[in-house]
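FYI, it's all coordinate maths here, none of it is from the lab. Since the structure is predicted, the reported quantities are computational estimates derived from the model, not experimental observations. Counting neighbours? That spans all protein chains shown, and the Cβs are built from the backbone with ideal geometry, glycine included.
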Amino acid sequence: MLKAYFPKLSQHQLDQLEQLQPLYQEWNERINVVSRQDIDNLMERHVLHSLAIACVIGFSPEARILDLGTGGGFPGIPLAIFFPETRFTLVDATGKKIRVVQEVAQSLGLQNVEGIHARVEDLKLLGQFDFVTTRGVATLDKLMAWSRKFLKKKHMHALPNGLIALKGGDLTPEINSLPGKGRSYTEVFPIREFFKEPFFDEKYVVYVQG
């Protein structure tokens, strides 16, 4: 599946991505990180879903990415494997989930991942980031309110710095709730344009300029 969609991945990256299934199955037996419904479909519903972001933007080696509400490490861990020279900071309010992030990163030898246990409202001194990523954490207006203070002013990508969120369903109310007419430039990318699996029907990568 992964090789078909991403033929340029190295064998080392493919091996790391394929190790995610047994690693999360092992952790799920101790800590409920991924729903029981999804754990057997981890590669599609979590790993491939996370990598939809890589179909929208290629992070530069110098970039810093903040993954808010990462849970057990999605989309941050797969993206860190895909972009090994980009630095990822993964944040979640649940300590046991950040422990899983740290252990999985260590097992895979990911030197570009930092896991932080904190509520987003309490985050301080993290520095500035090029993009904030997230999946199913909150509405777009809340996510932007949290994210703006972390975004760098200087841009180095084709897309200006901002929020990249994995979302599903009817996004119109969320987009309309964003503040300031013309202030929040938004693009919506249907994931079915990248991946053929029915799971991705009505699932999107949403970009909001910071």
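Numbers for the structure displayed
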| item | result |
| --- | --- |
| Per-selection Kirkwood Rh - the range 131-198 (Cα, Å, 1 d.p.) | 13.3 |
| Residue of R36, R148, R192 that the Gaussian network model of the chain assigns the largest fluctuation, springs spanning Cα pairs under 10 Å | R36 |
| Local electrostatic count, S60, Cβ distance below 13 Å [Lys/Arg +1, Asp/Glu -1] | +1 |
| Lysine pair number, Cα distance threshold 28 Å (strictly under), the range 1-150, separation 8 or more or different chains | 8 |
| Mean ellipticity per residue at 222 nm, deg cm²/dmol - from DSSP H runs of n ≥ 4 across the chain, formula -39500 (n - 2.57) | -8000 deg cm²/dmol |
| Whole-Å distance, taken between Cα centres, linking the range 169-210 and the range 1-58 | 22 |
| Gyration tensor verdict on the range 25-105 (Cα atoms; rounded if a/c is under 1.5, prolate if a/b is larger than b/c, oblate otherwise) | oblate |
